[in-house]
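Below is one structure, written out as structure tokens; the observations come after it.
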Amino acid sequence: MNTSTELGHFSTDLPYLAFGSGKPLVYLAGFTMTHTVPQPGAQRRTAARMVAPFVAAGYQVYWTNRRPGMPVGATMSDVAAEHAEALRDRFGTPVPVLGHATGGSIALQLAIENPEVVSWLVLAGTAHSLGPVARRFHRDLLEAAGRGRSAMHRAAPALTRNRLLQLLLMVPLWIAGRFDPPPKDHSDMKAMLLAEGAFDVRGRLGEVRVPTLLLRGARDYLCTPERFHETADGIPGAQRVEYPRSGHAITTKPAFFHDVLAFLEGP
């Protein structure tokens, strides 16, 4: 397996970290506090493990984040347009796009408004709009970042509905947040959270014309089952997979890699 990496930027300044070699697969990452690619060390090793099965299957995976300096007030349509220009300039032909969580929101907007750059669409932990738990968590992140603090402990309701477990989880999440606070200049983070907060394409799902696979953990409280199934029902011919005992972090599951590769390599 070729595990070489290439650090670079697309033409619209979107940063990417490409793993392996072969057919391109664009991997739009979930929400991050900074618009950067995984840094050398533990972050990069984690990212490499997340894409290793795709690399082994003969893909060059472009782990992609949003553009640094994203202005507050930018819409998800603006973000998708930047991605479309980047992919068009880099590849010149439609490519498969996999988006997780926030990256999935971008991927869905991209497929609706710029279908000519997408050949296959994979949406993980994503729906046509944010659910109530995700909206509340986004508000907490913004409020805390304005005070220079992390609100990662507020993610507990996204992980379990058990109130006792929520309280127990808040402690390690709070400690983790102390070691990974938001950047002093959190304007990029704010811009992305506000753009996704306004994201709602439920009335445009029928415009998706590329083969689409949606995947969700049944215990994912950020991506509600109602929104997930509404999204799958609204996209013509969309396939869906749910993992009964999984939450939001399905992108490390062996079954996830198997199902995505079967979709991408299918007829």
Practice problem: Looking only at the range 12-23, decide whether some residue is in contact (Cβ under 8 Å) with a residue 12 or more places away in the chain, hydroxyl-bearing (S, T, Y) and more than 29 Å from F137 (Cβ to Cβ). | Solution: yes
Self-check item: Filter pass, A232 being of a type in the set (A, V, I, L, M, F, W, C), in contact with a Phe, Trp or Tyr (Cβ under 7 Å, 6 or more places away or on another chain) and in the same structural domain as P94 (by TED's automatic domain parsing)
Solution: no
Quiz item: Looking only at residues in the range 114-127 that are in a helix (DSSP H, G or I) and free of Cβ contacts under 8 Å to residues at least 60 places away in the same chain, which one is farthest from D220 (Cα to Cα)?
Solution: E116
Exercise. Need at least 2 residues that are charged (D, E, K, R), at pLDDT 90 or above and in contact with a Ser or Thr (Cβ under 8 Å, 6 or more places away or on another chain) per element, so show me which strands (runs of 3 or more DSSP E) inside the range 1-84 make the cut, counting only ones lying wholly within it.
Key: none
Quiz item: So, of the residues in the range 46-76 that are hydrophobic (A, V, I, L, M, F, W, C) and within 27 Å of S129 (Cβ to Cβ), which turns out to be surrounded by the fewest Cβ atoms within 10 Å (Cβ to Cβ)?
Solution: V72
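The values are calculated or read from the model by the stated rules, or taken from the named source; none is laboratory data. Given the structure is predicted, the values throughout are model-derived calculations rather than measurements. All Cβ positions, glycine included, derive from the backbone under ideal geometry; neighbour counts span all protein chains shown.
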